[in-house]
Amino acid sequence: MPEEAHLSRTRLARLLANGAITREGTVIRDPNGRAARGEVYEITVEDAADTHMQAEDIPLAIVYEDTDVAVVDKPAGMVVHPAPGTPSGTLVNALLHHFGGDLSGVGGERRPGIVHRIDKDTSGLLVVAKSDAAHHGLAAQFAAHSVERSYLALCHGAPDPGNPRLRGITGVSIESGGVVKLDTRFGRNKTNRKKQAVLRHGGRRAVTHIRAIETFGDHAALVRCRLETGRTHQIRVHMAYIGHALIGDPDYGTRRRLSEAVAGAAVANSFARQALHAATLGFAHPVSSQFMRFESPLPDDIAQLLDALRIT
């Protein structure tokens, strides 16, 4: 296929099944068939259909937008993509309204090109494709792990690269500059399929680089987490795995609380979500190849928690 057609393997398989591919006038449907040198195939690609998802007039913080991509600063509490439990009120519903008909047709359906996601209760930056070329270009960068993604988080305890306990954890190594690197196998929790876990065997590789930016005694810290891979709940699971679960994390925080004698304990112990924010996003523009980098300030709730912890 010509590269400029931007047809994915999934889209081609669907076209094949629908009888949209012919060879000398004969419809070809067998995905296991072999193409011989010199044969000419004709592929009829219909215009992308309108999506079944509803456009909704929901306010959005658009950080950047052109004809191919948009960068959005997602608030905590917003789901990225509609699902059976959340068919509306999502980022995609909002983007459908914002973009109108100016959308990617990847997969044969006119909709925003979601190439990565962040959790409902995580705030921060994500990039969305508006054209087929952008969708394929961004997807390739995420697959190659070349996208710059770093998060700011507030965690229980203070990760200390010199701590023998931390150094003794399987998958942990220490890099220059006091960076703690986690390189583990990662997949679904075997006892709770809704959660993720570090695995001994199987799963997929997950790599996170963690550096403490500011510590509050030994009870809490502000950390920067840089993703090398992007697995579901990766930062939340990795932080809990090394004994530094995120403040407010309802799934991996094991109901951990700060001592009431500690400054900011009341705010931390009542924090309503995981204190995690996608603060930095950098990528090569999928059409112009220009490198673009965006930063998002901490949202009010995390900023207020940070201020409370700083009180001496």
Practice problem: Determine whether region 233-244 contains at least one residue that is hydrophobic (A, V, I, L, M, F, W, C) and not in a helix (DSSP H, G or I). | Solution: yes
Quiz item: Counting just the residues of region 204-229 that are under 16 Å from the mean Cα position of the chain (by Cα) and crowded, with 19+ Cβ neighbours inside 10 Å, which one comes out farthest from Leu281 (Cα to Cα)?
Solution: Ala206
Exercise. Tell me which residues, restricted to region 154-177, are small (Gly, Ala, Ser) and not in a loop (DSSP other than H, G, I, E, B).
Key: Ser173
Quiz item: For Asp160, which of the numbered conditions (1) within 17 Å of Arg211 (Cα to Cα); (2) touching a Lys or Arg at 6+ places or on another chain (Cβ under 8 Å) fails to hold?
Solution: (2)
Practice problem: Kindly indicate whether any position in region 113-124 is closer than 30 Å to Asp218 by Cα and assigned to a strand (DSSP E or B). | Solution: yes
Exercise. Within region 128-153, track down each residue that is in a strand (DSSP E or B) and either among the hydrophobic types (A, V, I, L, M, F, W, C) or out of contact with any Lys or Arg (no Cβ under 9 Å at 6 or more places or on another chain) (or both).
Key: Val128, Ala129, Leu152, Ala153
Exercise. Please determine, by comparing only the residues of region 287-302 that are part of a helix (DSSP H, G or I) and charged (D, E, K, R), which one is farthest from Val72 (Cα to Cα).
Key: Asp301
Quiz item: What tally of residues in region 88-110 results from selecting those that are surrounded by fewer than 22 Cβ atoms within 10 Å (Cβ to Cβ) and either of a type in the set (Phe, Trp, Tyr) or modelled with pLDDT under 80 (or both)?
Solution: 9
Quiz item: Would a scan of region 42-59 turn up a residue that is within 30 Å of Ala303 (Cα to Cα) and either outside any loop (DSSP other than H, G, I, E, B) or hydroxyl-bearing (Ser, Thr, Tyr) (or both)?
Solution: no
Self-check item: Residue among Gly33, Gly85 that alone is at pLDDT below 95 and over 30 Å from Arg117 (Cβ atoms)
Solution: Gly33
Exercise. For region 116-138, name all the residues that are among the small types (Gly, Ala, Ser) and over 21 Å from Ile235 (Cα atoms).
Key: Ala129, Ser131, Ala133, Ala134, Gly137
Practice problem: Tell me, yes or no, whether region 247-256 has at least one residue that is under 19 Å from the mean Cα position of the chain (by Cα), surrounded by 17 or more Cβ atoms within 10 Å (Cβ to Cβ), free of Cβ contacts under 8 Å to residues at least 40 places away in the same chain and part of a loop (DSSP other than H, G, I, E, B). | Solution: yes
Quiz item: Taking region 264-286 as the search range and keeping residues that are in a loop (DSSP other than H, G, I, E, B), among the hydrophobic types (A, V, I, L, M, F, W, C) and in contact with a helix residue (DSSP H, G or I) (Cβ under 7 Å, 6 or more places away or on another chain), which one is farthest from Ala139 (Cα to Cα)?
Solution: Phe271
Practice problem: Among the numbered conditions (1) surrounded by 15 or more Cβ atoms within 10 Å (Cβ to Cβ); (2) over 28 Å from Ala303 (Cα atoms), tell me where Arg165 comes up short. | Solution: (1)
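The values are calculated or read from the model by the stated rules, or taken from the named source; none is laboratory data. None of these values were measured; they are calculated from a predicted model. For neighbour counting, all protein chains shown are included, and Cβ atoms are generated from backbone atoms with ideal geometry for every residue, glycine included.
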